[in-house]
Amino acid sequence: MTDASTDDTPDILSPEVVKNTLYLIDGSGYIFRAYHALPPMNRGDGTPVNAVFGFSAMLMKLVEEIDAQHLAVIFDSARETFRNEIYPAYKAQRPEPPEDLRPQFSIIRDAVRAFNVPSIEMPGFEADDLIATYAKEARAKGMDVVIVSSDKDLMQLVRDGVTMLDPIKNRPIGPDEVMEKFGVAPDKVVDVQSLAGDSVDNVPGVPGIGVKTAAQLITDYGDLETLLARATEIKQPKRRESLIEYAEQARISRELVKLRDDVPLEVSVDQLEVKDPEHATLLSFFEENNFKRLVARLQALEVQEGEAPSSLGMAAEIAPSETAYETVVEEADLKRWIAAAMEAGTVAVDTETTSLNAMSAKLVGISLSVEAGKACYIPVGHGAGDGADQGNLLDAPTERPKQIDKKRALELLKPMLEDSSVLKVGHNMKYDWLIFRRHGIEVAPVDDSMLISYVLEGGLHGHGMDELAELHLDHKTIPFKEVAGSGKDQVTFDKVPLDKATEYAAEDADITGRLHRLLKPRLRESHVLTLYETVERPLVPIIGEMERAGIKVDREVLADLSKDFARRMGEYELDIYKLAGREFNIGSPKQLGEILFDELGLQGGKKGKTGAYATGAEVLEALATQHDLPAKILEWRQLAKLKSTYADTLVEQINPETGRVHTAFAMAATSTGRLSSSDPNVQNIPVRTEEGRRIRRAFVAEKGHRLLSVDYSQIELRIVADIGGIEALRQAFRDGIDIHAMTASQVFGVPLDQMDPMTRRKAKAINFGIIYGISGFGLARQLGVEQGEAAAYIRAYFERYPGIRDYMDRAKAEAKKQGYVTTLFGRRCHVPGITDKNPARRAFAERQAINAPIQGTAADIIKRAMIRLPAALEKASLKARMLLQVHDELLFEVPEAEIEKTSALVREVMEGATRPVLELSVPLVAEAGVGDDWEAAH
DNA sequence: TCTTTCACG
DNA sequence: GACGTACGTGAAAGAG
């Protein structure tokens, strides 16, 4: 902690008072020097950035090496200053900055912001005057001053406690160096300059007198006034005449050269206290400008800083004592909030809309928070929004409160939301990202407090804002119901009055910011910062784009299917009632159980804990030998499921604006790192039965396009072979042989060329069982054999592959010791039940501990591929869009002419997705399929 | 709101 | 020897 102001006990541990130093960086001077010193550099979009790079590298060095307590970058403001009033020609002939330097000025100001360093400028004064004033103020407070510049005009400021530092040669400039340059001590520099003048700045001086002569004269006479007064004594006639004739010009020059140290400061020295930069902002800034070396240095710094001690108790920046929420309805107020966000470099953002579905939601308002306890709400769509509400004129007019026009508000917010030096923090940022994206704004860079929580504590609890606020901040958020009502009285957010809306919405931004401040530092402490920065966070816009793309669903196909299913269900119903002896609700497991076991008297009925008979598919299949009814029920159920869950609901989910279906991928829902999908769930579209695959045919490609499906072959078993260290399995994967047959041959001793399907099936079941944390009971059930027999298989398997057993023991021990297991990419999967007293629950947790690293590593790998794919496609000028992810499969919509190239590229990226972080001991294989619909692409 | 069932990897 | 079981999800429907 740099802030010692709250600590009133004297520092008795340190023998000397801690040196407090103010670093003043001459920003304007540095820009020109860096520009000329560095070879031309361009970033991705062609913008020249050599001066930006030099500037950033210099700041980085200061951050890395220097223990400054106070720091500021000082810039020249407009070209006109008070000096022009004294002498209009001053700096008048300066050329315009070069073409390829001009665009760099504003980027350098972004850089300063990204470093979280104050930047100071003031109209009417040069940077040098501000530096002089700050130096004086700082000295008055007993601070040392380092001026980061090599500008000779600043050398007059060097004195006890004030030194300069040449940022390019990286050498200090003290009295000796000044003496070398001007031939006099720093306090006489002004006098020398007044005489010698400066052709670059148009300081006239005295003709015929240069620095050398001036220094000698000043040394001889003491100072300028004395010299001018005694000019007649000078022996050299020319020099004497000049000094007499141009005495006044020398005095004017003095005015020009002498720096003002009485500039009225708007920002005090105390306010220049160093704040740690937000690494994510910096990283994003470096990446945007293609500063690879700085990215590496920043990451090295992160490692170095390592386990920073966390503060005891909760600081006011996380738990303020009171809150102030503001409704913003005036442009001036909005501009003030935007300026505050730019100034701070980090802002929490939240959007309020009419729906949880980001692709159909209408934007109603935006909230911002820059510091804890303070937030604003900017309504933009309250009351009758968008003219969509076409209520007739006789109805009571919908109240439309005063608010900033939506377009105007977004226009004002856009530069800040897209500014690479301002970090936008959201909770479930993908949602807000999508809302803004639909309004033509690409929010970047972003942080997501939900994802931060997810990588820190995935598996321990949910990551919704309300839950986290309660857990971490001991704060109960306003329930949505309280502002929008519930049940039939519930209204959309645009109908909520502004005062209530502000309390709710501003709180969300406030809490988001506070969670971010609390949780972000823990990423590094918990060693999941890299996972967050390289996997989860970059995925936000990637998945956002996938959701925005959606997939075309053919409503005709589904409508026909629905009719067909309905007709056949009707036929089954007649049969079923006849066989049952009466009509009943076939969809009711309770009624069905009573029919089967009580009325028809079938054997083997088992009641669950709720007292109802179990009637699941397994039970009904077993009953099929006793009666014709169970088989009919199973048929009916399949149709009912397909009709209600898929055929009918998918049609309802087609977005009327896009004509496509836009799923929502949940990024923080699973305990293993997988995504989940909802509204609709596209990850459980039927594929295993012929009847079910008919649903898949409704997922089609746009005209002129085809669907490309690429999936990892056996990715989880490959991971098992790798982390279990099973050499035989690894070799089998390298050789590309049938892995289940190979297992069967090794475990059951059947030669490969004599493999029978039954033996292979057993081996396949064992292989899957391994992934799930095998148990004799589970395997027996899967294979339909006695538990003893299954246990024998497992024993044989472990004997053949002892590495598996070792892995399982390791996983269990790791979970027990730490409460979590980790994937190959460092994701933590928490297994809270591992210490449960209840042996069943503990065994369950142990199986989770075994499965999670396998499933989770596979999830990491496909996520890494997803992050790279859009960029790889773009680079290859391919227009394919990534639409869906189904755990080990990615689905693309590809222009017909680009199928081959796209397919090859996607496979290449997917197969190389572990690199360069990791090289598995087995190859990853991705297989591609193409078709006009999703079934055909499989 | 909880439970059961079943669709997927 | 307990305990109740393969791992991870989401949606629809019935039950209450």
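Within region A:901-938, whose backbone N sits under 12 Å from a point 7 Å along Cα→Cβ of A:ARG734? Counting backbone N atoms under 12 Å from the label point, the list is A:921-923. When the charge dipole of region A:551-660 is built from unit charges on Cβ atoms (+1 for Lys and Arg, -1 for Asp and Glu) and taken about the Cα centre, the candidate among A:PHE565, A:ALA614, A:LEU634 whose Cα reaches farthest toward its positive end is A:ALA614.
Separation of region A:132-192 and region A:50-119, taken as the distance between their Cα centroids, equals 18 angstrom.
What is the Cα centroid distance between region A:754-789 and region A:690-705, reported in whole angstrom? Cα centroid of region A:754-789 versus Cα centroid of region A:690-705: 34 Å apart. Straight Cα distances below 21 angstrom link A:LYS61 to the lysines A:LYS19, A:LYS169, A:LYS275, A:LYS292, with same-chain residues fewer than 8 positions distant left out. Of the trypsin sites (Lys or Arg not before Pro) found in region A:139-176, the ones in coil according to DSSP and having at most 14 other Cβ atoms within 10 Å of their Cβ are A:LYS141, A:LYS169.
Look at the dipole of chain A built from charges on Cβ: of A:THR327, A:ALA229, A:ILE766, the Cα furthest out on the positive end belongs to A:ILE766. Here the relative contact order of chain A, from alpha carbon pairs under 8 Å that lie six or more residues apart, stands at 9 percent.
Overall dimensions of chain A, expressed as equivalent-ellipsoid semi-axes from the Cα gyration tensor (√(5λ), whole Å, largest first), are 69, 32, 26. Distance between the 7 Å Cα→Cβ label points at A:GLU180 and A:ALA229: 3.5 nm. Among the GluC sites (Glu not before Pro) found in region A:726-816, those both in a DSSP coil and sparsely packed, with 11 or fewer other Cβ atoms within 10 Å of their Cβ, are A:GLU786. For the pair A:GLN603 and A:SER486 in one chain, pulling the backbone fully straight at 0.36 nm per residue adds 37.4 nm over the alpha carbon distance.
Straightening the chain between A:ASN585 and A:ASP753 buys 55.3 nm, computed as 0.36 nm per residue apart minus the Cα-Cα spacing. Looking at region A:786-859, none of the chymotrypsin sites (Phe, Trp or Tyr not before Pro) sits in a DSSP loop with at most 11 other Cβ atoms within 10 Å of its own Cβ.
Extending 7 Å from Cα along the Cβ direction at A:LEU634 and again at A:SER321 yields two label points whose distance is 7.1 nm. To the nearest ten degrees, helix A:839-875 and the longest principal axis of the Cα atoms of chain A are 60 degrees apart.
Rounded to 0.05, the FRET efficiency of the A:ALA614 and A:ARG171 pair, given R0 = 56 Å and the Cβ-Cβ distance, is 0.10. To the nearest ten degrees, helix A:555-580 and the longest principal axis of the Cα atoms of chain A are 40 degrees apart. Each Cα pair under 8 Å and six or more residues apart adds its separation to the average, and for region A:103-222 the resulting relative contact order is 14 percent.
Size descriptors for region A:551-660: radius of gyration and Dmax over Cα atoms are 17.0, 55 Å. Spin-label pair A:MET41-A:LYS292: with each label point 7 Å from Cα along the Cα-Cβ axis, the two points sit 1.2 nm from one another. On the basis of the beta-carbon distance and an R0 of 56 Å, A:SER921 and A:ASN84 show a calculated FRET efficiency of 0.20. Here region A:135-253 is treated with +1 on each Lys and Arg Cβ and -1 on each Asp and Glu Cβ, and its dipole about the Cα centre works out to around 160 debye.
Mean separation of Cα pairs under 8 Å and 6 or more residues apart, divided by the residue count, gives region A:590-747 a relative contact order of 9 percent. Over the residues of chain A, the helix contribution to mean residue ellipticity at 222 nm works out to -14000 deg cm²/dmol, using -39500 (n - 2.57) for each DSSP H run of at least 4. So how tilted is helix A:498-525 from the main axis of chain A? Cα-based, degrees 0 to 90, rounded to 10. On a 0 to 90 degree scale, this one is about 90.
In plain terms, the chain from A:THR649 to A:GLU799 could stretch by 49.1 nm, reckoned as 0.36 nm per residue minus the Cα-Cα distance.
The calculated FRET efficiency for A:ASP276 paired with A:GLU874, based on their beta-carbon distance and R0 = 35 Å, is about 0.50. Each part gets one Cα centre, and for region A:426-468 versus region A:794-814 those centres are 38 Å apart.
Restricting attention to chain A, close to 65% of DSSP beta bridges with both partner residues there are antiparallel.
A short reminder: the numbers here are calculations on the coordinates, not readings from a lab. Predicted model, so just to flag it, every value in this text is computed and none were measured. When we count neighbours, we look across all protein chains shown, and the Cβ atoms used for this are built from the backbone with ideal geometry, even at glycine.
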